[in-house]
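Encoded as structure tokens, the structure appears first; notes follow it.
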Amino acid sequence: MKYLLLIILILIQACASSEKLSVSLDKQSEAYLSFPDYGRVSLSREGSYVAVTSIIKDRRVVSILSRKDMKVLASMPLEENMKVQNFIWVNDKRLIIQVVVSEGYLKGSGSEQFIFAIDYDGKNKKQLYPQRTSLGESVNFSVSFFNLVSDDIVDDRYLLVSENKYMARNAYYDLKLLDINTGRTKPYDRVKMRFGNYGVDNLKQARVAYKVDKKLKTTFYTKNLVTKKWKKNNFWSDKSREINILGFDKTNSRFYFLGDNKKTLKALFSASLSKTGEVSNIKEIFSYPHGDILNASWDKDDFKVLFVEYGDGRPKRKYFSKSKLSKLLQSLDLAFPGERVYLGRKRGGESLVMVLGDKRPITYYTYNYQKKNVEEILSANEKVRPYRKVSSKVIEYKTRDGLTVRGYYYKAPGKNISPLVMYIHGGPYGASDRWGYDGDIQFMVSKGFSVMQVNYRGSGGRGRAFEEKGYRKLGTSMQEDLADAALWAIKNKYAQKGKICLWGISYGAYASMMSIHKYPDLFECAVGFGGVYDWRTILGEGDSAKNEYAQSAWGKQMPESEEEQFKQSPVSLAKDLKKDVYIMHGREDVRCTVFQARRLKSALDEQGKKFEYREYPGIGHWFTAKNQGKKNHAYNEIVSFFESKIK
């Protein structure tokens with residue numbers, strides 16, 4: 001009998017896998033939901049060539065274009081599941097391409113890395129890592145993972161990288177020199193640590209390092225340049241879990257970094273560092289009283305902090321450098337009002353300019369220093385240009401226990417109050433919704449739904465204390481924040497009672513299912529993709545089961561007892577479901593395995609509840625570019641579901 005059941009199960013899954021999961025959408029919807037045409041863009045050292053990543057027929061391609069006429073000179077199709085992590089032009093004619101290989105977004109058994117080199121005309125292509133034997137086979141495959149420490153070339157032939165031997169038993173982050181011609185490496189420096197980072201001065205000397213152990217404790221080190229030895233240095237251990245080292249001043253005697261201040265908000269600091277590794281004169285330079293510094297840029301030519309970004313909505317900037325680069329960037333800020341502008345280093349007579357907004361995808365320009373003008377060269381997604389996009393409005397409300405929560409509201413066209421979709425971000429801890437363009441939201445708005453996002457307690461960007469307010473409260477206070485957001489929206493005429501649905505991915509899926517169970521009088525329906533529905537099982541399956549850092553993090557964040565984990569899980573509330581839900585899941589998901597969805601399905605079936613359920617074969621935690629058809633299908637299902645409930 002058990003063999004017959006197994007055969008039936010296999011046949012059922014085979015039928016499900018063969019189901020046509022594609023749909024014909026109008027051109028506007030397809031444009032909004034499409035993945036970007038272009039990803040990374042990089043100018044060569046003298047500005048003669050442009051390297052870009054693009055998607056052609058659901059496959060990623062690296063192309064090198066002539067900057068003069070933007071014609072393609074060479075193309076290198078990537079293998080399935082390859083994604084470009086970094087471009088490094090080692091001179092004006094040779095490009096290093098760092099590629100990550102995975103089965104999809106959190107699908108399959110992890111990732112590997114390749115490093116290729118290619119000339120501007122497609123010649124002299126070489127696989128630098130993993131190196132190949134004389135028979136063409138890769139050696140040391142998946143043993144190491146390289147992170148670029150500096151894009152400056154050392155001794156005209158090396159890149160300075162940190163090497164993580166993540167599959168080795170004694171895995172350490174070593175500093176290595178990677179030969180740009182052969183792919184061979186040679187030792188440069190080492191602090192015995194499994195996970196961490198290095199701070200390197202302008203002479204490419206490693207000066208500061210920190211490691212994070214499996215219990216998430218941070219230890220800091222500084223190097224004595226006289227003895228060439230590293231030593232523990234607790235100059236920051238009691239203040240922050242880690243720091244982000246931005247750079248060293250011109251004398252290499254003072255470094256700048258982001259770290260938590262006394263209010264646990266990420267702030268800008270500087271500190272003196274002697275040649276013997278002593279840290280002194282630590283100063284807090286700038287902080288934002290209502291949240292973290294979100295981003296910082298370093299002026300490599302002026303050896304100073306160029307700017308920091310902070311605030312809600314479109315981030316504000318505080319400039320520090322008074323260099324020509326700083327003045328130029330501030331003038332470009334004025335040229336693109338309401339957007340954010342980033343300026344690359346000067347390459348020949350031009351610099352690459354990247355412009356971000358919330359009403360259009362990333363757009364790339366070049367600034368010509370002689371003509372003193374900008375020229376658009378690429379849009380990340382040209383297909384959406386003809387269609388209307390709405391901007392976001394920053395919202396703020398008080399929770400029932402007095403906490404201030406902020407978020408974003410996108411209003412659907414029309415004078416009347418539109419049905420509202422609360423789009424809940426994943427994570428949850430440390431993640432947040434940020435200002436910027438989101439095609440999925442524009443799609444939802446185009447269908448007549450207003451959209452609201454909230455950065456509930458536990459989200460990032462508001463300081464460590466705000467994040468920790470969500471610890472152990474996944475299904476309690478964090479859900480109350482969402483309910484309070486809906487009540488605020490009704491009170492302030494952003495929504496009507498009986499016209500609010502929930503939608504989310506990962507933790508957002510969990511929160512959608514949790515809140516629809518807990519607050520049936522407030523929410524009409526919920527859709528979740530790739531959610532956790534039973535906290536008792538998350539650490540024993542998926543990629544978290546093999547990740548000691550994830551185990552440690554969740555150990556501090558999840559409800560402590562198994563009984564409490566069950567109480568804060570949707571599977572425990574199945575009997576209370578009164579409204580409609582749609583459960584979606586990728587069958588190959590390794591973050592939240594498909595068994596999470598199946599457990600919730602079983603719990604609802606046992607209670608005789610009616611609901612919608614769908615598994616997507618070949619999909620991980622979310623869709624990737626090669627799964628565009630299935631993504632379109634999922635969103636068509638979601639909109640149809642919402643239309644049947646709240647329109």
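Over the residues of region 384-465, compute the C-alpha Rg and express it relative to 2.2 N^0.38 Å.
Dividing the Cα radius of gyration by 2.2 N^0.38 Å gives 1.18.
As I understand it, the value is the acute angle between the Cα axis of helix 507-518 and the longest principal axis of the Cα atoms of the chain; what does it come to in degrees, rounded to 10?
Computed tilt is about 30 degrees.
From the gyration tensor of the Cα coordinates in region 560-647, what semi-axes in whole Å does the equivalent ellipsoid have, largest first, with each one equal to sqrt(5λ)?
Result for region 560-647: semi-axes of 25, 19, 10 Å.
Can you report the principal axis dimensions of region 326-485 using only the alpha carbons, biggest first, rounded to whole angstrom?
Principal-axis extents of region 326-485 (Cα, largest first): 59, 38, 22 Å.
About the Cα centre of the chain, what is the dipole size in debye to 20, counting +1 per Lys and Arg Cβ and -1 per Asp and Glu Cβ, all else neutral? If you can, show how the numbers build up before the last one.
On the way: 108 positive and 74 negative charges, 256 e Å.
So the dipole magnitude of the chain works out to roughly 1240 debye.
Considering only DSSP states other than H, G, I, E and B, which trypsin sites (Lys or Arg not before Pro) in region 552-626 qualify as loop sites with at most 14 other Cβ atoms within 10 Å? Before the final figure, lay out each step's value.
Details: sites: K556, K567, K575, K578, K579, R587, R591, R598, R599, K601, K609, K610, R614, K626; in loops: K578, K579, R587, R591, K609, K610.
Answer by residue number: K578, K610.
Taking the Cα centre of the chain as the origin and placing charges on Cβ (Lys, Arg +1; Asp, Glu -1), which of Q330, S274, L95 is farthest toward the positive end of the dipole?
Checking the options against the dipole of the chain, the answer is S274.
Rounded to the nearest angstrom and ordered from largest down, what semi-axes does the equivalent ellipsoid of region 245-355 get from its C-alpha gyration tensor (root of 5λ)?
26, 20, 9
Which value in Å is the Kirkwood Rh of region 402-509 over different Cα pairs?
Roughly 14.2 Å, rounded to one decimal.
Specify the angular offset, from 0 to 90 degrees and rounded to the nearest 10, of the alpha carbon long axis of helix 628-646 from the longest principal axis of the alpha carbons in the chain.
Once rounded, one gets 40 degrees.
Determine the order of D301, D333, D589 by accessible area, beginning with the largest, at a probe radius of 1.4 Å.
Descending accessible area places them as D301, D333, D589.
Quick one: which of K497/K579; K204/K346; K491/K579; K57/K125; K71/K123; K262/K327 span more than 26 angstrom between C-alpha atoms?
Violating the 26 Å limit, Cα to Cα: K262/K327.
Just to confirm, what accessible area per residue do you get for the chain at 1.4 Å probe, in whole Å²?
Values: 29730 Å² over 647 residues.
So the chain comes to 46 Å² accessible per residue, rounded to a whole number.
If contacts are Cα pairs under 8 angstrom and at least 6 residues apart, what is the relative contact order of the chain in percent?
Rounded, it is 10 percent for the chain.
Taking the 0 to 90 degree range and rounding to the nearest ten, how far is the long axis of helix 594-606 tilted relative to the main principal axis of the chain, both from C-alpha atoms?
So the helix axis and the longest Cα principal axis differ by about 10 degrees.
Report the charge-dipole magnitude of region 339-434 in Debye, nearest 20, computed about the Cα centre from +1 at each Lys and Arg Cβ and -1 at each Asp and Glu Cβ.
Charge dipole, region 339-434, about its Cα centre: 200 debye, nearest 20.
Report the one residue of M70, G407, Y319 whose Cα lies farthest in the direction of the positive end of the charge dipole of the chain (charges on C-beta: Lys and Arg +1, Asp and Glu -1; origin at the Cα centre).
With unit charges placed on the Cβ atoms, the residue in question is Y319.
When the accessible area of the chain is computed with all protein chains present and a 1.4 Å probe, what percentage of it is carbon and sulfur?
Looking at the chain in its full context, I get 48 percent from C and S.
Give me the Debye-computed log₁₀ of I(q)/I(0) at q = 0.11, 0.16, 0.25, 0.28 Å⁻¹ for region 322-383, equal point scatterers on Cα only, no solvent, two decimals.
Treating every Cα as an identical point scatterer, log10 I(q)/I(0) equals -0.23, -0.49, -1.11, -1.31.
Of the peptides 54-67, 390-403, how do they stack up when ordered by the mean number of other Cβ atoms within 10 Å, highest first?
Peptide ranking by packing, descending: 54-67, 390-403.
May I ask you to work out the translational diffusion coefficient for region 493-647 at 25 °C, viscosity 0.890 mPa s, via Stokes-Einstein with Rh from the Kirkwood sum over Cα pairs, reported in whole µm²/s?
153 µm²/s
When the Cα atoms of region 257-318 are enclosed in a convex hull and the volume is divided per residue, what value in Å³ results?
Numbers: hull volume 5.5 nm³, N = 62.
Residue-normalised Cα hull volume stands at 88 Å³.
By the scheme Lys and Arg +1, Asp and Glu -1, what is the net charge of all other residues having a beta-carbon under 12 Å from that of A495?
Values: positive: K411, K491, K493, K497, K499; negative: E524.
Within the 12 Å Cβ shell, the charges total +4.
Excluding S602 itself, calculate the net charge of residues whose Cβ lies under 15 Å from the Cβ of S602, where each Lys or Arg counts +1 and each Asp or Glu counts -1. Walk me through the numbers before you get to the answer.
Values: positive: R536, K575, R598, R599, K601, K609, K610; negative: D534, D605, E606, E615.
Residues close to S602 contribute a combined charge of +3.
Roughly what % of Cα-Cα distances in region 213-292 sit above 19 Å, to the whole percent?
Taking all Cα-Cα pairs of region 213-292, the fraction more than 19 Å apart is 39 percent.
How much of the DSSP beta bridge set in the chain is antiparallel, as a percent to the nearest 5?
85 percent
Using DSSP to define loop residues, name the trypsin sites (Lys or Arg not before Pro) in region 442-512 whose beta-carbon has at most 13 other beta-carbon atoms within 10 Å.
Sites meeting the loop and neighbour criteria: K493, K497.
According to the Kirkwood expression over distinct Cα-Cα pairs, how big is the hydrodynamic radius of the chain, in Å?
Taking the inverse mean of 1/r over all distinct Cα pairs, the chain comes out at 26.8 Å.
In a Debye calculation with equal point scatterers on the alpha-carbon sites of region 147-306 and no solvent, what is log10 I(q)/I(0) at q = 0.12, 0.13, 0.16, 0.21 Å⁻¹?
-0.54, -0.64, -0.97, -1.51
With Rg and the Kirkwood Rh both taken from Cα atoms, where does Rg over Rh land for region 435-574? Intermediate values should be presented prior to the final figure.
Details: Rg = 15.9 Å, Rh = 16.2 Å.
Ratio of gyration radius to Kirkwood radius: 0.98.
For n ≥ 4 DSSP H runs only, could you compute -39500 (n - 2.57) per run for the chain, divide by its residues and tell me the 222 nm figure to the nearest 500? The partial results should precede the final answer.
Working: 11 runs with 124 residues, N = 647.
For the chain, the value works out to -6000 deg cm²/dmol.
With an 8 Å cut-off on Cα pairs and a minimum separation of 6 or more residues, tell me the relative contact order of region 476-576 in percent.
Relative contact order of region 476-576: 24 percent.
Give me the tail of P(r) for region 534-579 as a percent: Cα-Cα pairs with distance above 15 Å.
Details: 502 of 1035 pairs.
Value for region 534-579 (Cα pairs over 15 Å): 49 percent.
Starting from the Cα of L203, step 7 Å along the direction of its Cβ; do the same at E376; then give the gap between the two resulting points in nm.
Going by the 7 Å Cα→Cβ label model, 4.8 nm.
The values are calculated or read from the model by the stated rules, or taken from the named source; none is laboratory data. Note that the structure is predicted; figures quoted are calculated from it, not measured. Because the Cβ atoms are built from the backbone with ideal geometry, glycine has one as well, and the counts that use them run over all protein chains shown. Protein only, heavy atoms only, side chains kept; ligands, DNA and RNA dropped before computing areas. Shrake-Rupley method; radii C 1.70, N 1.55, O 1.52, S 1.80 Å.
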